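Only one structure is covered here, and it is reproduced in the block below.
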Amino acid sequence: MTALVELSTAELRSLHEQLTADYDALVKRGLHLDITRGKPSAAQLDLSNELLELPGEHDYRDAAGTDLRNYGNTQGITELRALFSDVLRVPVPQLLALGNSSLTVMHDIVAQAMLHGLPESERPWSREETVSFLCPVPGYDRHFAVTEHLGIRMIPVPMTDAGPDVAEVERLLAEDPTIRGMWCVPVHSNPTGAIYSEEVARALVSLPAASDFRIFWDNAYVVHHLTDDVPEPIDILSLAAEAGNPNRVLVFASTSKITYPGAGVAFFGSSPENVSWFLSHSAVQSIGPDKINQLRHVRFLKDAQGVADHMLKHREIIAPKFAEVEEVLRRRLAPYEAATWTSPSGGYFVSLDVHDGCAARAVALAAQAGIAVTPAGSTYPYHRDPRDANIRIAPTMPPLSELVEAMEGLCTAVLLAEVERLVGVAD
Ligand SMILES: Cc1ncc(COP(=O)(O)O)c(C=O)c1O
């Protein structure tokens, strides 16, 4: 088959006719499909149902004998911190086990920095004329929502397969002193699946920047592998300390996509100074996290090997879904050179780049056919994708048959949007 851009006007018109007929037939089917959000499927949630029976009627003390039913222990229980210390490469004293959402912790840290400033800040960030964050793109829409909501200016930085474009980060940091933060998803990034190389990690912790510049190292997908090709963990806090910037990195993770989203446990790790700073504020917000849920997670996951074994069961369920997405995209779009996409080795997303100027139209066409896709632009700050090209696909939630149907429909929508544009251009 010939690439769309190489088709003659007559060929484009005939393809347009055929795709319009296909699309009309699709709409008539009255589908209700959803590939918007990266949520685990019911089968994945079932993997953790033992949690619903834990920790058991008389099991409410930690190893030290503390009654976990009561208030207290703002740092979280030591057993769970020790378990995730191995997973996240953060020393136990510098790792906190907190509430049910890492996004909440990220939001709260940005809010506390706005209200009070960080240890090195001359004044609260809110008293600065402008505070800016670097936002690798495409990226996680909820990160961008936090900074937008709190009045922080967002500066996009292009992603590569090995993390953000370091030369661009260096250039921006050197020329713009208002930059105080950066969002990063270092392993199986949302949505591109990129894995930061150690070289990129070293550069990020070493580059000259404001003293209260912070990297939000959101390791949401640290154990969420789809293949045996498991990346070498990066001990980012040691790298930052070695580079003479021990306070630069804030590490986040959670069990949301290990056990239950919304009923899991979030983690925050950093330098001793940042952890004390965080606790000085969080101790005012809360008299301690849900330690019973933390104990439940210790009993269920047991140790780092237990986490790895559990994640293999997730992989068995979701790897075939990613394979189907790849198969449909390759079959439907590759022959026309209609798009490029990522083939991630982990995480929750496939990032699809269609022809410039066609993403919003394709998503709208899919929506009219009953296929909900994350709104175009969501992966960019302020929902502005300058090329209008990126579409995020979340394959995990729907059953396989529905996923394939949704992908077939989305491909029809993409092709129609692109041919419409080309026919328009050819006119
Ligand atoms: C990169 C990233 N960070 C954080 C979250 C949310 O984490 P939590 O459930 O711990 O708030 C998600 C969920 O999709 C995510 O993709």
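The values are calculated or read from the model by the stated rules, or taken from the named source; none is laboratory data. As the structure is a computational prediction, the values presented were derived from the model and not from experiment. All Cβ positions, even for glycine, are placed from backbone atoms using ideal geometry, and neighbour counts span all protein chains on display.
Okay, here's what the table says:
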| quantity | calculated |
| --- | --- |
| Selection status of Gly244, surrounded by fewer than 17 Cβ atoms within 10 Å (Cβ to Cβ), within 14 Å of the ligand (Cβ to nearest atom) and at pLDDT 95 or above | no |
| Which listed residue, of Ala210, Ala194, is touching a strand residue (DSSP E or B) at 6+ places or on another chain (Cβ under 8 Å), part of a loop (DSSP other than H, G, I, E, B) and surrounded by fewer than 23 Cβ atoms within 10 Å (Cβ to Cβ) | Ala210 |
| Among the residues listed as Pro386, Pro335, Pro375, Pro320, the single one being surrounded by fewer than 19 Cβ atoms within 10 Å (Cβ to Cβ) and over 21 Å from the mean Cα position of the chain (by Cα) | Pro335 |
| Residue in the stretch 266-283 that is assigned by TED's automatic domain parsing to the domain that holds Pro164, charged (D, E, K, R) and either touching a residue at least 60 places away in the same chain (Cβ under 8 Å) or crowded, with 21+ Cβ neighbours inside 10 Å (or both) present | yes |
| Filter result for the condition that a residue is at pLDDT 95 or above, surrounded by 14 or more Cβ atoms within 10 Å (Cβ to Cβ) and touching a His at 6+ places or on another chain (Cβ under 8 Å), over Arg296, Arg315 | Arg315 |
| Residue tally, condition farther than 25 Å from Asp141 by Cα and either under 24 Å from the mean Cα position of the chain (by Cα) or at pLDDT below 95 (or both), over the stretch 402-427 | 5 |
| Among residues of the stretch 157-186, those that are under 18 Å from Glu129 (Cα atoms), of a type in the set (Val, Ile, Thr) and assigned to a strand (DSSP E or B), counted | 1 |
| Count - residues of the stretch 103-142 that are away from the ligand (no atom under 16 Å from the Cβ), not hydroxyl-bearing (Ser, Thr, Tyr) and not in a helix (DSSP H, G or I) | 10 |
| Index of the failed condition, Ser85 passing every other in (1) out of contact with any Pro (no Cβ under 7 Å at 6 or more places or on another chain); (2) more than 30 Å from Tyr336 (Cα to Cα); (3) among the hydroxyl-bearing types (Ser, Thr, Tyr) | (1) |
